[in-house]
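Data block below; observations after.
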Amino acid sequence: MAAWVPSDALGRRLLCGTEYATVRYIGSVPPTAGIWLGVEWDDPQRGKHDGTYEGTQYFKCRHPKGGSFIRPNKANFGVDFLTAVKDRYALNDERDVQHGTENTLVFGKKTVEFIGMDSIAEQQRQVQLNQLVDISVRECAVSHAGQKEEISRTCANIRHINLSKNLISSWETVTAIASQVQNLETLNISENKMKFPSTSTSVSSVFSKLRILALNQTEITWAEVLLCAPGWPSLEELYLTSNNITVLERPNNVLQTLKLLDLSDNQLLDGNQLHLIAHLPRLEQLILRNTGISSIHFPDAGFGCKTKMFPSLKRLAINDNKISQWSSINELDKLPSLRSLQCHNNPFMDTEKNPETLRQLIIAKISQLEVLNKSEILPAERKGAELDYRKIFGNDWLAAGGNWNPEKNKPSEEFLAAHPRYPSLCLKYGAPEEGELKGRQPLTLKNQLLTLTIKCPENPEQKPVEKKLPESMTIQRVKGLLYRLLKIPGSELKLSYESSKLEGKEVELDNDLKPLQFYSIENGDCVLVRW
């Protein structure tokens, strides 16, 4: 007896054992008798040829060894959605029925039949199905919606569906299932290779409440996303990883509610593709891991200015890319709302071997950043990073035309391009002092000791004390010494210092872990102690 082949089998997805494939041909293959299915395997290692057999091309494959012929009786074309749900949640008739004896009970030698037990069991199943809110039928060979209205009649409360890695062949099938789920909020149909509309479709209310949609590994293009998007008026999160998306187009009047977009593992043509999605008004999170981008640029804004692109973007992930220039990190400071950045595994990070210094440079370059590579940036860390940056590049600033006199301070365009935040750091902390920038003397013990005057401005009875302290001594250890020296009771000390060269200017020593040399303290300076 010949195996049944669906009338719409061409182009459909199937399972053969545990292997997934798409039907590319139905018909005879001489000299053999009977019907064959020509299939293109998801795993090309499973195939034998490219659709050509003994000189005749029956179908085409992307991979030269991606195709095979199989008999229809080896093909599993899948089940409808509700059958998969019942199987997954053990609510199917076959699991409740055992050889037709489920409605009988034996008393001694007498068999008694209970009328109506079938209908009671069915009612219980209906109640259980109606209670399901979050359904996962991943890898359950779902291929079609089933009888019309059957899903809405039996599963009225579904809000979240995971349909990933099934046998769905077209977007129409997804719509047929979703049209029966009135309050659908989350839908995952990743890992289904399917056909999407190639022309504009009439907008319906099927996905009117959908907030989260995952279309990873579905072979969808960005153009197809935009054709479907009018039907997603409330969408907030869209996941499109691993789809071979290379070019983007500007969304016009669609995706305007989107807060999260994940384009990871798509090799974008270049960083300029991002300009095409830069005006999504509510986009807060953009994930661009392994997208092949080598640079980021916002040409509408100059040094120290904010771009009009990505107005709401708070979280950006650009891990595993080809960004080699620090100029791209400078550009990120132009984003008005950016608070969190992930940027591991980019070539620019190889320019600095010390991971702590690398982190400080990124923090100093992006003013509003609060989280870097999933680690919070505390105010003390930011201040230390910015002070260090101001000091490290101070000589470059002077060489490029920077000056302590505001009237003569005219750093070159090249310097500002490399360090666009430098002027604002000078405004924030003052220009770096000459003592901060002078070349360091050889580290003999004599040079390492600082002669400092210790004063307690709020305690006039305490006479000033002169002490020699190593410049490598941390503020925490200085405090410990002062507790003992000044016999101060157990209260929190607050330290600052006045430079002998700049009278009246007081600098807080606010990071217990930093050494005295971090603050550029010199011989003759005065440490002020308060509690």
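The values are calculated or read from the model by the stated rules, or taken from the named source; none is laboratory data. Because the structure is a prediction, the values reported are computed rather than measured. No Cβ is skipped: glycine too gets one built from the backbone with ideal geometry, and neighbour counts run over all protein chains shown. For accessibility, only protein heavy atoms count, side chains too; no ligands or nucleic acids. Shrake-Rupley method; radii C 1.70, N 1.55, O 1.52, S 1.80 Å.
Within the range 269-278, the residues that satisfy the criterion of being open to solvent by 10 Å² or more (accessible area, probe 1.4 Å) and either in a loop (DSSP other than H, G, I, E, B) or farther than 17 Å from I245 by Cβ (or both) are L269, D270.
Does K408 fit the bill of being under 33 Å from the mean Cα position of the chain (by Cα) and either in a helix (DSSP H, G or I) or of a type outside the set (S, T, Y) (or both)? For K408, the condition - under 33 Å from the mean Cα position of the chain (by Cα) and either in a helix (DSSP H, G or I) or of a type outside the set (S, T, Y) (or both) - is not met.
Can P281 be described as surrounded by fewer than 17 Cβ atoms within 10 Å (Cβ to Cβ) and farther than 21 Å from I177 by Cβ? It is true that P281 is surrounded by fewer than 17 Cβ atoms within 10 Å (Cβ to Cβ) and farther than 21 Å from I177 by Cβ. Among the residues examined, Y20 qualifies as within 35 Å of the chain's Cα centre (by Cα), aromatic (F, W, Y) and either crowded, with 19+ Cβ neighbours inside 10 Å or not in a loop (DSSP other than H, G, I, E, B) (or both).
Yes or no, residue by residue, for (1) part of a strand (DSSP E or B); (2) among the charged types (D, E, K, R); (3) touching a helix residue (DSSP H, G or I) at 6+ places or on another chain (Cβ under 7 Å):
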| site | (1), (2), (3) |
| --- | --- |
| E219 | no, yes, no |
| L238 | yes, no, no |
| N243 | no, no, no |
| V247 | no, no, yes |
| N252 | no, no, no |
| Q256 | no, no, no |
| Q267 | no, no, no |
| L280 | no, no, no |
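Taken residue by residue, the range 92-102 has no member that is at pLDDT 50 or above, out of contact with any helix residue (DSSP H, G or I) (no Cβ under 8 Å at 6 or more places or on another chain) and surrounded by 14 or more Cβ atoms within 10 Å (Cβ to Cβ). Helices (runs of 4 or more DSSP H) fully within the range 341-404 that include at least 2 residues being in contact (Cβ under 8 Å) with a residue 60 or more places away in the chain and open to solvent by less than 60 Å² (accessible area, probe 1.4 Å): 379-392. Being more than 25 Å from L163 (Cβ to Cβ), surrounded by 14 or more Cβ atoms within 10 Å (Cβ to Cβ) and at pLDDT 90 or above is a description that does not apply to T56.
Scanning the range 231-245 for residues that are open to solvent by 50 Å² or more (accessible area, probe 1.4 Å) and either in contact with a His (Cβ under 8 Å, 6 or more places away or on another chain) or within 14 Å of F196 (Cβ to Cβ) (or both) yields a total of 1.
Condition check for S491 on (1) modelled with pLDDT under 80; (2) surrounded by 13 or more Cβ atoms within 10 Å (Cβ to Cβ); (3) of a type in the set (S, T, N, Q): one failure, at (2). Residues in the range 282-294 that are within 21 Å of S327 (Cβ to Cβ) and assigned to a strand (DSSP E or B): 1 in all.
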